[in-house]
Amino acid sequence: MHRLLITAALLAAAPAAQSPAAQSPAAQLPDGAISRSRMGPASEVVLFFIFDPAGMQDRLPPGVRFRTIDEIAARDPEAAAYLRAHPERGGWVRSFFEIIASPMDYDGVRDRHGADGIMAVWYAWATPTAATIDPRLKGGRLVALESWVSEPKLAGAMRARGYPADPARIRLLRGPGGRLSASLQAPGVTVRVTCRLDGQPERPDWSARVSYQTIFSPAGGAPTFEVVGFSGHVQEQCRAPTWTMTGAGRLPTTYRALAALGQPVGETEFDYGYRLDGGLYRW
């Protein structure tokens, strides 16, 4: 998940014959986790977007701020190109929305039927303030703006441990002819996406090693952050994607505001076959 624009990732269990995930290296997570999780093999369709964070400041926990396009443009060619095209948006922020379907295990609470949809998240790029640098943080820093889980038992277990997890109905279906469709339904949010999977699957070089992300829980919830390590991605073209987002929630409101600008909201890609290990920590 390295693109600049809006991202939605829909994860589904990939057939064992297609997935090289079993050969993925193990993640090295910091000591002291209060919870451990595992997912995979999984697949994802991805749509990255940049948005104006003015209405989302209240989602930042203490000691965390958004990381703006202005800040990352010096080292990121895609961000620099975006900023040249839209210099007035230097204070905007990258984000991605994911719908996840995969076998999952959170401290022994398991859902092995997640191939039809189990989790959805909306994350934005963030960074801790200088006064709150923590040596346990690894990889890119994100803040969880919204998180949903479709399995009630798992959602309850996650909330009890300090993860953000609201109830939702989540579906992912890979039909004949490579047709992919997915949906999320939760209070104030309905998301639907379709695309056609096509082309020769490719495994990018970076997927052979473990990549890390740190995800801060939003304000108003438990003072926690999660460190995840993932590897084994295989990519396939997701052609002619169609996204719709409706409802009065933050995600669809943000998406519609971007769509109203009359420009493409983002790019879509499909990945599968990867595994992810995570640890939750007190902040």
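Condition (residue is among the charged types (D, E, K, R) and part of a loop (DSSP other than H, G, I, E, B)) applied to the range 262-269: is it met by at least one residue?
yes
Within the range 263-283, restricting attention to residues that are under 30 Å from Arg239 (Cα atoms) and of a type in the set (Ser, Thr, Tyr), which residue is modelled with the lowest pLDDT?
Thr268
Quick one: which of Arg239, Arg196, Arg209 is in contact with a helix residue (DSSP H, G or I) (Cβ under 6 Å, 6 or more places away or on another chain) and surrounded by fewer than 18 Cβ atoms within 10 Å (Cβ to Cβ)?
Testing whether each residue is in contact with a helix residue (DSSP H, G or I) (Cβ under 6 Å, 6 or more places away or on another chain) and surrounded by fewer than 18 Cβ atoms within 10 Å (Cβ to Cβ) leaves just Arg196.
Do we have Gly199 as farther than 16 Å from Glu267 by Cβ and not acidic (Asp, Glu) here?
Taking the combined requirement at face value, the residue does not satisfy it.
Could you pull out every one of the strands (runs of 3 or more DSSP E) wholly within the range 1-79 that has 3 or more residues that are out of contact with any Ser or Thr (no Cβ under 7 Å at 6 or more places or on another chain), of a type in the set (S, T, N, Q) and modelled with pLDDT of 95 or more?
Here the list is empty.
Just to verify a result, which residue in the range 223-236, among those that are over 21 Å from Ala42 (Cβ atoms) and of a type outside the set (Ser, Thr, Tyr), is surrounded by the most Cβ atoms within 10 Å (Cβ to Cβ)?
Here the residue is Phe225.
Please determine whether any residue of the range 230-253 is within 16 Å of Val193 (Cβ to Cβ), in contact with a Phe, Trp or Tyr (Cβ under 6 Å, 6 or more places away or on another chain), in contact (Cβ under 8 Å) with a residue 12 or more places away in the chain and not in a strand (DSSP E or B).
Yes, the range 230-253 has at least one match.
Would you confirm, using the coordinates I've provided, whether Ala222 is within 30 Å of Asp31 (Cα to Cα) and part of a loop (DSSP other than H, G, I, E, B)?
yes
What's the number of the only condition in (1) touching an Asp or Glu at 6+ places or on another chain (Cβ under 9 Å); (2) over 25 Å from Ala222 (Cβ atoms); (3) of a type in the set (D, E, K, R) that Arg84 fails to meet?
(1)
Only one residue in Arg94, Arg67 is surrounded by fewer than 21 Cβ atoms within 10 Å (Cβ to Cβ), in contact (Cβ under 8 Å) with a residue 60 or more places away in the chain and under 18 Å from the mean Cα position of the chain (by Cα). Which one?
Arg67
Tell me which residues, restricted to the range 96-154, are among the aliphatic types (A, V, I, L, M) and in a helix (DSSP H, G or I).
Ala115, Ala130, Ala131, Leu154, listed by residue number.
The values are calculated or read from the model by the stated rules, or taken from the named source; none is laboratory data. All values reported here derive from a predicted model rather than from experimental measurement. Cβ coordinates were reconstructed from backbone atoms using ideal geometry, including for glycine residues, and neighbour counts include every protein chain displayed.
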